[in-house]
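Structure first, commentary second.
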Amino acid sequence: MIDHVKFGLYQSMDNMPFEQPGRLEEAARLIIGQAKTGCDLVQKGEYKKAVSIGGGMHHAKATSGEGFCLYNDVAFTARYLLETHKLERVMILDTDAHAGNGTCEYFYEEPRVLFIDLHQDPRTLYPGTGFAKDIGSGKGRGYTVNVPLPPNAGYDSYHRIFCEIVEPIAREFQPQIIIRNGGSDPHADDGLTDLGLPVRGFHMIGERVRNLCDEVCEGREIDLIASGYNKRVLPYAWLALLAGLAGWHIDVLEPQPATRKFARDPAYTETKMVEAELKSNLKPFWKCFQTHTPAPF
Ligand SMILES: [Zn+2]
């Protein structure tokens with residue numbers, strides 16, 4: 001059954017042949033099970049946070065897998081929290097370099113799920129979706145926030161987007177829990193992408209997510225961590241992210257020698273233009289953009 005597959009510019013062929021996914025399917029089910037266990041542990045109050053290593057299969061759609069993803073554990077986690085644990089407001093923060101096209105489709109009309117997705121400009125990377133104008137539809141309009149970052153966007157760009165977009169919207173939405181997904185592929189030396197995040201940028205993301213969770217949802221967070229196509233970088237970036245999330249005071253260094261290092265974020269000015277476009281598009285839906293004074297350029 002391949003009639004639902006659209007063969008576009010960025011069509012992912014990695015789940016071929018159809019209906020023969022073999023052990024991948026078993027692994028995909030285990031990842032769903034990990035997410036479910038994480039939700040139960042956090043909702044029972046046993047832990048504030050749960051980390052699912054190998055999770056974040058954000059390209060999988062409701063009816064088909066793609067982009068190395070068979071079942072979407074990000075979408076599962078949000079649905080499970082809404083339906084089984086009876087939550088009313090769930091926030092998903094996707095920091096993977098690729099747009100979470102599967103997750104986006106699941107909740108495009110769902111106002112109970114705030115989906116904020118930071119990813120490389122879709123004109124330059126698979127899956128080619130997630131433009132700033134795509135903000136949800138119907139009752140879900142305003143609850144999808146796509147942040148298409150220009151190639152080479154690094155520490156300063158991510159920091160700026162957290163301060164100006166992610167955190168103000170989250171404070172206004174007041175989620176009961178935050179689900180974050182994404183691994184090391186925004187790193188400057190990743191083999192598949194063209195972003196510019198250094199290892200300390202992953203620590204910053206973890207730290208800001210931890211502080212945000214403490215502020216809005218009593219620290220509750222499910223972290224689905226995977227991706228990364230440079231094996232030398234991956235353990236450093238994941239560790240830095242987890243250290244930030246957990247509040248561990250360790251200094252994770254950049255693996256040496258880094259091939260692409262930026263003294264300054266070369267995409268910062270372009271990122272501020274994306275930020276301005278987002279604020280303009282989202283202003284009707286979020287009070288923070290009607291009164292908020294942006295940090296100076
Ligand atoms: Zn990715």
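The values are calculated or read from the model by the stated rules, or taken from the named source; none is laboratory data. From a predicted model like this one, the values you see are computed outputs, not experimental measurements. Here the Cβ positions follow ideal geometry from the backbone for every residue, glycine too, while neighbour counts run over all protein chains shown. Heads up: the accessible areas ignore ligands, DNA and RNA and are worked out on the full protein's heavy atoms, side chains in. Shrake-Rupley method; radii C 1.70, N 1.55, O 1.52, S 1.80 Å.
Loop-resident trypsin sites (Lys or Arg not before Pro) (DSSP state other than H, G, I, E or B) in region 120-165 with no more than 16 further Cβ atoms inside 10 Å of their Cβ: Arg123, Lys133, Arg141.
State the extension gain, in nm to one decimal, for the chain segment bounded by Lys231 and Arg23, taking 0.36 nm per residue of separation less the distance between their alpha-carbons.
72.7 nm
Other residues within the sphere of radius under 15 Å centred on the Cβ of Glu275, judged by their own Cβ, net out at -3 (K and R +1, D and E -1). Ligands, DNA and RNA excluded, the heavy atoms of Leu234 present near 40 Å² of accessible surface to a 1.4 Å solvent probe.
Ignoring ligands, DNA and RNA, what percent of the 1.4 Å accessible area of the chain is carbon and sulfur?
54 percent
Summarising the amide proton neighbourhood of Asp94: residues at separation of 5 or more, or on other chains, whose placed amide H is nearer than 5 Å comprise Ile116, Asp117, Leu118, Asn181. The coefficient of translational diffusion for region 36-181, derived via Stokes-Einstein from the alpha carbon Kirkwood radius under 37 °C and 0.692 mPa s, stands at 213 µm²/s. Our summary of shape: the Cα atoms of the chain have principal axis extents of 52, 45, 40 Å, ordered from largest down, in whole angstrom. Protein heavy-atom accessible surface, 1.4 Å probe, per residue over the chain: 46 Å².
Put simply, the amide H of Val51, placed in the peptide plane, has neighbours under 5 Å in Asp223, leaving out anything fewer than 5 places away on its chain. Is the shape of region 69-130 best called rounded, prolate or oblate, per the rule: a/c under 1.5 gives rounded, else a/b larger than b/c gives prolate, else oblate, with a ≥ b ≥ c the square roots of the Cα gyration tensor eigenvalues? Judged from the Cα gyration tensor, region 69-130 comes out prolate (a/c at least 1.5, a/b above b/c). Okay, helix-only estimate at 222 nm for the chain: each DSSP H run of n ≥ 4 adds -39500 (n - 2.57), divide by all residues, round to 500 deg cm²/dmol; what do you get? When only DSSP H runs of four or more count, the value is -10500 deg cm²/dmol. Strictly over 23 Å apart at the Cα level, which of Lys61/Lys133; Lys44/Lys86; Lys49/Lys231; Lys139/Lys279; Lys49/Lys283 would you flag in this model? Over 23 Å apart, Cα to Cα: Lys49/Lys231; Lys49/Lys283. Computed with a 1.4 Å probe on the full set of protein chains, the accessible area for Val166 sits at about 0 Å².
Scalar couplings 3J(HN,Hα) for region 213-230, obtained by applying the Karplus form with A = 6.51, B = -1.76, C = 1.60 to θ = phi - 60°, are 4, 4, 6, 9, 9, 6, x, 6, 7, 10, 10, 10, 10, 7, 6, x, 10, 10 Hz; x denotes Gly and Pro.
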